[in-house]
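Colleague: Take a look at the following structure, please.
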Amino acid sequence: MLSITFFQMRKNIGRLAAAGVAILIGTAFVAATFVAGQLLVATTENQMTAPFADADLVVPASYQDAEDMWQYNALDEADRAALADVEGVKAVNAQPSLGGSATFGDKIEYTSVTITNDDPRLVVPRVDSGAAPATASEVALDTRTAERMGAGVGDSVALNVSGEPDDSVTMTVSGLTSDPAGVFAATSGSALVSSEGYLALVEAMPADSELREDIYQTLTVTLDDGVIPTVAAEQVSTVLDGQPALTPTQYAERQLGSLTGEANILTTIVLMFAAIALFVAGLVISNTFQVLVAQRAHTLALLRCVGANKRQIRNSVLVEAFVLGVAASVAGIIAGIGLIQGVLMVLSSMEVSSAIPTTVSIPATAVWVPLVVGTAVTVIAALVPARIATKVSPLAALRPQEGAGDSGKKVGIGRLIVSGLLLVSGGALLAGGLMMSGADDSSLEIAVVLGILGGALTFVGLITSSMLWMPRVVSSVGKLFSSLGAPAKLASANTMRNPRRTAATSTALFIGVTLVAMLSVGAATTRATLNNALDEQYPLDITVEQYLREGQAPASDSQVDSTLQQIRAIDGVNEIVHGRTAYVSTTYGSGTSLVESWDSLIAVDPANFDTVLRDTSLAGSLTDDRVLLSRWANANDIGDSMKLFRISYNDDGTELPLEEQPGYLNAVELTPVAGIGTDAYVVTNDTFDKILATDPQASDVVQDMYFIKVDDVNGAGDTVAEIREVFSGTDTYITGAVLEREMFQQAIDVMLLVLVGLLGVAVLIALIGVANTLSLSVIERRRESATLRAVGMSRRQLKRSLGMEGMLIAGIGALVGVVVGALYAWLGTQLLFGGFATPDFTVRFLDIALIMVVSIGAGLLASIAPARGAAKTSPVAALAVE
Amino acid sequence: MSVPQANGINVAVSARGLTKHYGHGESTVKALDGVDVDFAAGQFTAIMGPSGSGKSTLMHLLAGLDSASSGHAYLGSTEVTALNDDQLTMLRRDRVGFVFQSFNLLPMFDAEQNIFLPLTLANKKITADDRAWLHQLAETLGLTQRLSHRPSELSGGQQQRVAIARALISRPEVIFADEPTGNLDSRSGAEVLNFLRTSARELGRTIIMVTHDPAAAAYADRVVLIADGRIAGDIANPTPESVLAGLDALRTFDSTAA
């Protein structure tokens, strides 16, 4: 029997291979996910140990004690010095806890600080030019930091470790460094100093600074040759009163405990997509086997005639599925691991980060999970076809082979009940979630959980019941289609011949397309909804605030003009307006109801200001006797008038009582009007000057501001980057709707891209299924095709008919998927935003059209090879008797 | 080449030096070896011969289903052997009808749709005239009550009658029938053969039928015997007995030749 099985497999090798590709892709997905998960952990581990360079032992300030409790024991210079005397220790270095800024001319750059050492194994940055600092007054800067400041070797820069320029020590740049391990990627570079230099920087801080207490994050140690790290670790630990010393690997492993958990969650999420892909692959396999069985009905009947029993027939099909499953899974595992290795090779050639390993390490799960799951899916998918095979009666061998394969049109009552329950309960959960999300914010989380559950249940319900409704959809669309001539009529009739198979094929595509369409519509709706919310929240596209330190002179008119010109020259900038801001006191009301507060006040030229407002409804409302309220103020509370004046402080920094404030006596009285949603009050330049004049002695600073309007709020990323460039090196704070949009959009786009990529695998498998179904149908209908040719169908008509059949099957799956996906997206966004914003249901028809075109195009593409085969059939075949 | 004429009778189908080889070199099989034959219009002719005699090949070539190695086949004044695939398709659509041994109806279409199939494929509108013709055919073939049935709901005999109606619907010049009774019991077979004869006599169709059953051949107006790819006999107004005698003669001829 086994030899017959293998003989049949060989005979149908092409067909099995096509089905095997579906499993191959699915298992490759699973294998790649596991390998990538492992890689993520390895990369993180490398990143964690990178700050220790090539140390043999590390002593972290924070560690887990014997009871697994986190302890923090600050490390100081005495600790560092103590370790140098331990036997076997070759060199000791430390990783500073402090970081600060470097100033060169008028440019400030934030920077990490790291310490050099005689033992190169304990130095993190690589010195590319010049030399490492040799004395306390030398520093080697990160090449990029130096470039941004315009500093070079030999220049003097002021460096601090507190972030306060007042605490700076002037040092000479001895060299320029790079950061191959990406340790300082987050802080955009490091300043390499000698250990004496670091101590000098610490000393430069005020004597009472708390920062002095805690200057080292980790001590790093190298050992003499032949010293066993674990033995030395005990001695080190003894010297430090029991603070543990660890090898870098031990350290990473302890830290990774929680991190591995996160990586596992990520892996699990990706595996859910792999599960969808494998489910679709299962549908494809099941279809393929059903047709193989139908094709072999004659042979199977013959086997039954000569004495094979039902079990032998069933086992033969299952063995075939098992062999196919194992072969395809093994190929898939190799493909998946190969894929990740390929990605690694590309990444390493691009030198993205030295923390990423150059070769994959293969966890056992990356082999056995896809092997077991891939094989199991294949065998389970073959169960139904195997049962159908046993139903072939021995008598069938004696009858001419007609109408085989069209078996079991009835849909089981069990399936009906299960899908009905799923749909009803899922629908109820969805409705509950929708009602809760509308109610109040606090229940949103529960609403979302209910919604996800409900969505999942109804989706599974739709899939399990697809045998019921999909044929109906196919038939009604097919009827519409029939009027398009003879090939179309034939195509639609043919899709209805085996409703189960057509339904299963369409369903496979429907699953992937539904999820992709849901993501597309959901993302577009989210984006549109956020856009609306942001438009209301941010009247200004970009606001730039330049901080001045005490004593620093505000920008001169010519400096302001030069900045304005620089920004105007940037592509995508529509308009820029200069403004000023100061901290003022505001009072309103009188007597006991007098309210005093301190607010930011912005001064603008009203005529100019209107040109940068996104919401122009309030243009022209700003006059010399008015103040536009900040978004925090309520016009009804404030009443008719409001007094503004400049605040004065006592020498000790405390505030004078209101009546004694010189400004209050001269306060400017203004009429408050509804504002435009800025964070500060807004007045005209003239009024601002009057308010400043209320107390000429006041010393707090007036800062420059710029308000920028861009041409297009969506996709202003490059413009924003260039604006940042203009202000880089100065102490500025940039905010605005465009930035928020940029962030949200990037997050949404990346997420969408990743998810669609993951689901794309399922769609791809489904399309393989369409091709498979079509070519199997062609084989089954060989004689029919010949008959059609004999009674006057041209080759072109025959090809067109099959092309239409492919497009019909794929198109219906995609169409239903798009509709259901959009519906889920509508429900999902309603649920998520229902509480705080009106979801702006947006369908990007370009996306939808793309999904449809890709699906229908793939359906057509899938028909090409089978159609060519069918058209080659000689009409003589119609006359042949089996 | 001029269109062959035989004794002033209108010739519907003819062959001149028609030859078909299979394979190459040593293993060449001559399925048909220079056949010259004429089939008169409006006549019901049976082609008979033992298995492998080339009777089916002759029919395939005459109907333009297969290409000849050499020689010519004519349908009326059209040289079938000179047509390309598209022209052959048109020829089959408009001028030729087929009846197959295994009926070959499309299972997803009902009887009426199956009968109209040649018109559908030609993208022709179904006219009132076509409908009248369908009803006349249905009545003659006893299918009036069966037009809305699918093939799976019809008996073998009924299916073959639907197939005959399909062959006749476009009023072709010639109907080729390949063992039309091969899958039928003798009563249904007799019915089908009667209809074919009626079609020839009353509707004036030319019918060429391949069969190996002497009883079936006896329904024809003429029997052409074929053996080893050559014409081996011609019987006018055959009876089962005369056909059997002819076949016996062939066997004798065979054994003497061997």
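The values are calculated or read from the model by the stated rules, or taken from the named source; none is laboratory data. A quick note: this is a predicted structure, and the numbers were derived from the prediction, not measured. Glycine gets a Cβ as well: all are built from the backbone with ideal geometry, and neighbour counts include every protein chain shown. Calculation scope for accessible area: heavy atoms of the full protein, side chains included, ligands and nucleic acids excluded. Shrake-Rupley method; radii C 1.70, N 1.55, O 1.52, S 1.80 Å.
Colleague: Could you list all residues from region B:76-93 that are more than 15 Å from residue B:13 (Cβ to Cβ), open to solvent by less than 60 Å² (accessible area, probe 1.4 Å) and not basic (Lys, Arg)?
Modeller: Correct list: B:85, B:89.
Colleague: For residue A:720, are the conditions met, namely being surrounded by 14 or more Cβ atoms within 10 Å (Cβ to Cβ), in the same structural domain as residue A:577 (by TED's automatic domain parsing) and farther than 30 Å from residue A:625 by Cβ? Explain how you work it out, then say what you get.
Modeller: Values: surrounded by 14 or more Cβ atoms within 10 Å (Cβ to Cβ): yes; in the same structural domain as residue A:577 (by TED's automatic domain parsing): yes; farther than 30 Å from residue A:625 by Cβ: yes.
Yes, satisfied.
Colleague: From B:46, B:63, B:73, which residue is under 21 Å from residue B:15 (Cβ atoms), touching a residue at least 60 places away in the same chain (Cβ under 8 Å) and facing chain A (nearest Cβ under 9 Å)? Let's see the steps before the verdict.
Modeller: Working: B:46 fails: facing chain A (nearest Cβ under 9 Å); B:73 fails: facing chain A (nearest Cβ under 9 Å).
So the residue among B:46, B:63, B:73 that is under 21 Å from residue B:15 (Cβ atoms), touching a residue at least 60 places away in the same chain (Cβ under 8 Å) and facing chain A (nearest Cβ under 9 Å) is B:63.
Colleague: Taking into account only those residues within region B:91-148 that are farther than 24 Å from residue A:491 by Cβ and in a loop (DSSP other than H, G, I, E, B), which is farthest from the other protein chains (Cβ to nearest Cβ)?
Modeller: Going through region B:91-148, the residues farther than 24 Å from residue A:491 by Cβ turn out to be B:91, B:95-97, B:99, B:101, B:127-129, B:131-146.
Next cut, in a loop (DSSP other than H, G, I, E, B) only: B:95, B:101, B:127, B:142-143.
Numbers: B:95: 10, B:101: 6, B:127: 16, B:142: 22, B:143: 18 Å.
Step by step, filter region B:91-148, then rank; the result is B:142.
Colleague: Something else: Any idea which of (1) over 18 Å from residue A:196 (Cα atoms); (2) crowded, with 21+ Cβ neighbours inside 10 Å; (3) not aliphatic (A, V, I, L, M) is the one residue A:88 doesn't satisfy?
Modeller: Of the numbered conditions (1) over 18 Å from residue A:196 (Cα atoms); (2) crowded, with 21+ Cβ neighbours inside 10 Å; (3) not aliphatic (A, V, I, L, M), the odd one out for residue A:88 is (2).
Colleague: Just checking: which of the helices (runs of 4 or more DSSP H) contained wholly in region A:283-392 hold 3 or more residues that are over 29 Å from residue A:500 (Cα atoms) and at pLDDT 90 or above? Before the answer, list the steps.
Modeller: Working: elements: A:297-305, A:310-350, A:365-381, A:383-390.
Passing ranges, in order: A:310-350, A:365-381.
Colleague: Residue A:770: part of a helix (DSSP H, G or I), open to solvent by 30 Å² or more (accessible area, probe 1.4 Å) and not aromatic (Phe, Trp, Tyr), yes or no?
Modeller: Judged against the criteria, residue A:770 is not a match.
Colleague: Would you confirm whether or not region B:167-175 contains a residue that is part of a strand (DSSP E or B), within 14 Å of chain A (Cβ to nearest Cβ) and farther than 28 Å from residue B:90 by Cβ?
Modeller: no
Colleague: Checking residue A:495 against (1) open to solvent by 10 Å² or more (accessible area, probe 1.4 Å); (2) within 14 Å of chain B (Cβ to nearest Cβ); (3) within 24 Å of residue A:465 (Cβ to Cβ); (4) among the hydroxyl-bearing types (Ser, Thr, Tyr), only one condition comes out false. Which one?
Modeller: The number of the failed condition is (1).
Colleague: If I filter region A:713-724 for residues that are within 14 Å of chain B (Cβ to nearest Cβ), modelled with pLDDT of 80 or more and farther than 30 Å from residue A:16 by Cα, do I get at least one hit? Walk me through it before giving the result.
Modeller: Of region A:713-724, the ones within 14 Å of chain B (Cβ to nearest Cβ) are none.
Looking through region A:713-724, none of the residues is within 14 Å of chain B (Cβ to nearest Cβ), modelled with pLDDT of 80 or more and farther than 30 Å from residue A:16 by Cα.
Condition check ((1) at negative phi; (2) touching a residue at least 12 places away in the same chain (Cβ under 8 Å); (3) open to solvent by 50 Å² or more (accessible area, probe 1.4 Å)) across all residues:
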position: A:339; (1), (2), (3): yes, yes, yes
position: A:345; (1), (2), (3): yes, yes, yes
position: A:348; (1), (2), (3): yes, no, yes
position: A:357; (1), (2), (3): yes, yes, no
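Colleague: Which residue, of A:801, A:777, A:794, is among the hydroxyl-bearing types (Ser, Thr, Tyr), within 14 Å of chain B (Cβ to nearest Cβ) and without any contact (Cβ under 8 Å) to a residue 40 or more places away in the chain?
Modeller: A:794
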